[in-house]
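One structure, as structure tokens, below. Some questions next.
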Amino acid sequence: MHTSVPPPTAGAPAPLRLAFVHRREFAPEEAADEPFPAGDREFFSDLVSTAGLPVDDDAFTRGRTVYAAMVSAMLPELAPHDDFDLALLAHATPDAAPGWPLSRLERSTPRTGLAFAISDQGITSPFAALRMAVRGIAVQDARRALVLITEQSAVYHRGPIPEELRARHDTGVALVLDASGELGALECDQLAGVAPGDVPARLATLTPPVADGTVRPVLIAGAGLARHWAGAPEGYTVHLAPDGRPAAGIWSVLAEQLPDLRRTGRPVLLADYDARFGYLGWCRLDVAADGGQAEAGQEGKRAHAG
């Protein structure tokens, strides 16, 4: 571990815009090992027991989706957006298999300048990753970045799990950011020290409704946020993340809604709140209208693929 002073820059880096969105659902058996490796079973059994939780022996007989398999399956589907200055893996649920270093991602792409994972920010981990990617604080002069949001449902203990953290699906969502991204401009941040009672007021300051009222902004809200906003804010068209998708849910909704959003160029606010940490994550996307062009429509279909 070491620290250093960032090198001086000649000017502000080019802002990264949204270039591509891709979602993929996985069946647990797609990435299951047969039989379940004895070393993995021993590892998770020891880990769970050390935490004072009862081991779920049946879980070792069921399928699982490992993050290495997710990444390997999704990377070819990102072409031609398949080389990056920065790649970030963000997740709230732990990997279903131990020992996969993110450095393997660097060997899986034509070019990856820097790759690392963010796993300790709870359900707002994707916002932490986007904040670093959009603001360019991780790699100087980055022109393209990948944010991979993954979650898997395998659990190896029988202890309680907070409902907002329980993943019931195996999902991967890839966000490609590029200096020339055609889908829209991004502004992202993660606010710390936000008390539950302060969530409605903080949310109200993020994206005011459009002044002329002709195009209602869209709010895509995570389950953590919906529990603390004391009613949906006025002036928005609201989409709630589906249950059982703690970190990837709102980004899955974005992938699904993006073709419709592009037809009108509607502004979008994506937000979620993790009460355990007091983190409020938000991302404002000014969706670029496609004008009904066929080529842009095809890009929207690709964004919805998977």
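If packing is taken as the average count of other Cβ atoms within 10 Å, what order do 217-228, 131-142 fall into, highest mean first?
Going from most to least packed, we get 217-228, 131-142.
Ok, one more. Can you pull the one-decimal nm distance between simple spin-label points at S119 and R166, each 7 Å off the Cα toward Cβ?
Placing both labels 7 Å along Cα→Cβ, they lie 2.3 nm apart.
With each pseudo-label sitting 7 Å past Cα toward Cβ, what's the T50-I137 distance in nm, one decimal?
It works out to 3.1 nm between the two label points.
Have a look at the DSSP beta bridges in segment 17-178 and tell me what percent are antiparallel, nearest 5.
Values: 18 of 29 bridges.
Of the beta bridges lying entirely in segment 17-178, close to 60 percent run antiparallel.
Of T112, T264, T124, how do they rank once you tally other Cβ atoms within 10 Å and put the fewest first?
The fewest-first ordering by Cβ neighbours comes to T264, T112, T124.
Quick note: the coordinates plus some simple rules give every number you see, no bench work behind them. Here the structure is a predicted model, which is why all the values come from computation and not from measurement. In this analysis, Cβ positions are derived from the backbone assuming ideal geometry, glycine residues included, and neighbour counts consider all displayed protein chains.
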